[in-house]
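Comments concern the structure below.
The values are calculated or read from the model by the stated rules, or taken from the named source; none is laboratory data. Just so it is clear, the model here is predicted, and its values are computed rather than measured. Every residue, glycine among them, receives a Cβ derived from its backbone with ideal geometry; neighbour counts consider all protein chains shown.
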Amino acid sequence: MLCLMGDGSTNIGYFHESLNLSAVWQLPVVWMVENNQYGMGTAVDRASGQPEIHKKAEAYGMHDMGRINGMDPIEMYEKISEALDHARQHGPVLLEAMTYRFQGIPWVTQSATAPKTRSHSIKRAIRLAHSACT
Ligand SMILES: Cc1ncc(C[n+]2csc(CCOP(=O)(O)OP(=O)(O)O)c2C)c(N)n1
Ligand SMILES: [Mg+2]
């Protein structure tokens with residue numbers, strides 16, 4: 001089973017309870033965090049004591065599959081396939097797919113920093129996801 005969530009959700013109780021129980025019961029779950037580097041308008045490192053979210057796996061004795069480039073579809077396909085194989089055989093895993101928030105939220109978006117077009121947004125997301133993984 002593949003379960004997707006945003007970076008912001010990893011700081012609430014449901015995340016901890018779910019990951020913990022999946023490890024206790026050795027469930028075949030791939031927990032994949034889509035880290036777009038913001039929970040609404042709040043940067044990850046202002047909201048999470050551990051901003052490298054994949055490292056939260058260790059707290060549950062769960063396999064840490066690290067960070068992957070969420071803007072690279074081939075890498076996503078390969079790493080998620082690997083993670084699913086691992087989960088089916090050995091129990092849950094956590095991985096973190098790096099991307100970038102394409103757009104802000106309407107009431108906080110700064111017009112000076114907002115990308116001008118969708119293609120500007122995508123190019124910036126690719127650049128920032130790549131630099132977060134290297
Ligand atoms: C249990 C709970 N706590 C807090 C909120 C308020 N809330 C709404 S969106 C959000 C941040 C979500 O961040 P993320 O998962 O990274 O999603 P993104 O903003 O990147 O789409 C929060 C804290 C909520 N909806 N539910
Ligand atoms: Mg987010």
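General remarks:
- Residues within the stretch 11-33 that are within 15 Å of ligand 2 (Cβ to nearest atom) and farther than 25 Å from residue 89 by Cα, tallied: 2
- Selection from the stretch 23-42 of residues that are within 16 Å of ligand 1 (Cβ to nearest atom), β-branched (Val, Ile, Thr) and out of contact with any strand residue (DSSP E or B) (no Cβ under 7 Å at 6 or more places or on another chain): 42
- The stretch 34-58, subset among the charged types (D, E, K, R) and without any contact (Cβ under 8 Å) to a residue 40 or more places away in the chain, residue farthest from ligand 2 (Cβ to nearest atom): 58
- Filter result for residue 61 (within 10 Å of ligand 1 (Cβ to nearest atom) and either farther than 30 Å from residue 121 by Cα or modelled with pLDDT under 95 (or both)): no
- Hits in the stretch 1-47 - residues which are surrounded by 14 or more Cβ atoms within 10 Å (Cβ to Cβ) and of a type in the set (Phe, Trp, Tyr): 15, 31, 38
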